[in-house]
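Q: Next up is a structure, given as structure tokens.
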Amino acid sequence: MNVGARVLGLAAEVPPESTQQAVGYPSLFLLVVIGALVPVVPTGALVSSAAVVAFHHSAPLSLLFVFLVASCAAFLGDVGLYWLGQRGLRSKNGSRWLRALRDRAPEERLTRARDKLDAHGVAVLVLSRLVPAGRIPVMLACLLAKMPLRRFIRGNAPACLAWAATYQVIGILGGSLFPEPWEGVVAAVGLTVLVSVAPPAWKRLRRPRISKT
């Protein structure tokens, strides 16, 4: 009985933030990796939401952990997808991963990505991670240019760091505007959607004007 009481007492002393972090960080890592491999998970919104929660917990290392977990997960997911794409190029029959990359990279965007890659080299990888729908066309352009994996890694590492920092700043801004974490999460997700939707919408609005001139 005494041993059981001590165990219960120790369990009661564990702060709830520790339990949330123990579950939250692996979940964030897994979801960002999956989102990098299969771009259907809103990874930017996930990072921003995690940053909001870390901001409201006021734990000094929480924001650093969110940044490290998100950037490492994005990096591993990108490298894994690039490696799978290389395998598809070497295979006579291709692969479903390579076909998926081609399906998600319209010819117009792929052409622009190849031109930017020729002009700027691996530096274009940093911008591709920050521009909505820019990552896959640039990655496919790198694959078609037969860029070695090591060179891709050198360009992709700073790209993932910049991406994680950008969406974490969005989360901090959203979290600082409201006293409740859930309100900050809603604001951060809204800012993330705005960042993703605004550039393509602006381009569509500009096209008729350019065609008239």
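The values are calculated or read from the model by the stated rules, or taken from the named source; none is laboratory data. These numbers were taken from a predicted model, which means no experiment stands behind them. Ideal geometry is used to build each Cβ from the backbone, glycine not excepted, and the neighbour counts take in all protein chains shown. All accessible areas refer to the heavy atoms of the entire protein, side chains included, with ligands and DNA or RNA removed. Shrake-Rupley method; radii C 1.70, N 1.55, O 1.52, S 1.80 Å.
Q: Within the stretch 34-56, can you find the residues that are surrounded by fewer than 17 Cβ atoms within 10 Å (Cβ to Cβ) and closer than 24 Å to residue 176 by Cα?
A: Residue satisfying the conditions is 42 alone.
Q: I've got another one for you. From (1) buried (at least 20 other Cβ atoms within 10 Å of the Cβ); (2) in a helix (DSSP H, G or I), pick out the condition that doesn't hold for residue 31.
A: So the condition that residue 31 fails would be (1).
Q: Open to solvent by less than 20 Å² (accessible area, probe 1.4 Å), within 27 Å of residue 50 (Cα to Cα) and either part of a helix (DSSP H, G or I) or out of contact with any strand residue (DSSP E or B) (no Cβ under 8 Å at 6 or more places or on another chain) (or both): is that true of residue 110 in this structure?
A: The answer is no for residue 110.
Q: Within the stretch 88-107, take every residue that is part of a helix (DSSP H, G or I) and open to solvent by 100 Å² or more (accessible area, probe 1.4 Å) and give me the one that is farthest from residue 37 (Cα to Cα).
A: Among residues in the stretch 88-107 that are part of a helix (DSSP H, G or I) and open to solvent by 100 Å² or more (accessible area, probe 1.4 Å), the one farthest from residue 37 (Cα to Cα) is 107.
Q: Okay, next question. Consider residue 84 carefully, then state whether it is part of a helix (DSSP H, G or I), on the phi < 0 side of the Ramachandran plot, out of contact with any helix residue (DSSP H, G or I) (no Cβ under 8 Å at 6 or more places or on another chain) and surrounded by fewer than 19 Cβ atoms within 10 Å (Cβ to Cβ).
A: No, not satisfied.
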